[in-house]
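**Student:** First, the structure itself, so that you have it in front of you.
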Amino acid sequence: LPIFPHPPAGKLEGKVIGLYDGLATSESGRNAIISINRGKREGVEEGHVLAIYRAGTTVVDSESKLSRDSAPTFSLPAERFGLLMVFRVFDAVSYALVMESTRPVSPGDAVRTP
């Protein structure tokens, strides 16, 4: 096996589903072990590097003349804040090491090919 295999064809997208030694609401950071909801079925292999993203927030248009409740809202884009490396792969789930993170990783964060 190559040390750093090529990512699967196309974009791979998934979610962080758990943290090693963590609760469902826990957060973790660099050097943490996490599980993701993608595995061999989706083409994940040991050594794949994936980026970690946090969903963008929704903000109210501050320049709108309407009331705050009826003013238009904008969704900000997802923010990339870390990288992980997959080290163990099963059919539907994989374990990964958080190699880089500028904010805490929590269940529900998105992962995808960089």
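**Student:** Mind ranking 83-92, 102-111, 52-61 by how tightly packed they are, going by the mean number of other C-beta atoms within 10 angstrom, highest first?
**Tutor:** 102-111, 83-92, 52-61
**Student:** Give me the accessible area per residue for the stretch 46-105, probe 1.4 Å, as a whole number in Å².
**Tutor:** In whole numbers, the stretch 46-105 has 62 Å² accessible per residue.
**Student:** Where the centre of each part is set by its Cα atoms, how far does the stretch 90-114 sit from the stretch 38-67, in angstrom?
**Tutor:** 12 Å
**Student:** Can I get the semi-axes of the stretch 41-114's equivalent ellipsoid? Compute them from the C-alpha gyration tensor as square roots of 5 times the eigenvalues, in angstrom, largest first.
**Tutor:** Equivalent ellipsoid of the stretch 41-114: 36, 12, 9 Å, largest first.
**Student:** Still on this structure, I have one more. Binning at 10 Å from 0, report for the stretch 43-83 what percent of all alpha-carbon pair distances ends up in each bin.
**Tutor:** 26, 27, 22, 14, 10, 1
**Student:** Would you mind telling me the share, in percent, of accessible area of the chain contributed by carbon and sulfur at probe 1.4 angstrom?
**Tutor:** Carbon with sulfur: 53 percent of the solvent-accessible area.
**Student:** If you don't mind, there's one more thing I want to ask. Roughly speaking, what is the stretch gain from Thr102 to Ser70, that is 0.36 nm per residue apart minus the C-alpha to C-alpha distance, in nm to one decimal?
**Tutor:** 8.1 nm
**Student:** Just tell me which aspartates and glutamates come within less than 18 Å, Cα to Cα, of Lys40; anything on the same chain fewer than 8 places away is out.
**Tutor:** The reachable aspartates and glutamates, counting only those whose Cα sits under 18 Å from Lys40, are Glu13, Asp91.
The values are calculated or read from the model by the stated rules, or taken from the named source; none is laboratory data. Since the model is a prediction, treat every value here as computed from it, not as a measurement. No Cβ is skipped: glycine too gets one built from the backbone with ideal geometry, and neighbour counts run over all protein chains shown. When the accessible area is computed, the model is the full protein with side chains, heavy atoms only, and any ligands, DNA or RNA have been set aside. Shrake-Rupley method; radii C 1.70, N 1.55, O 1.52, S 1.80 Å.
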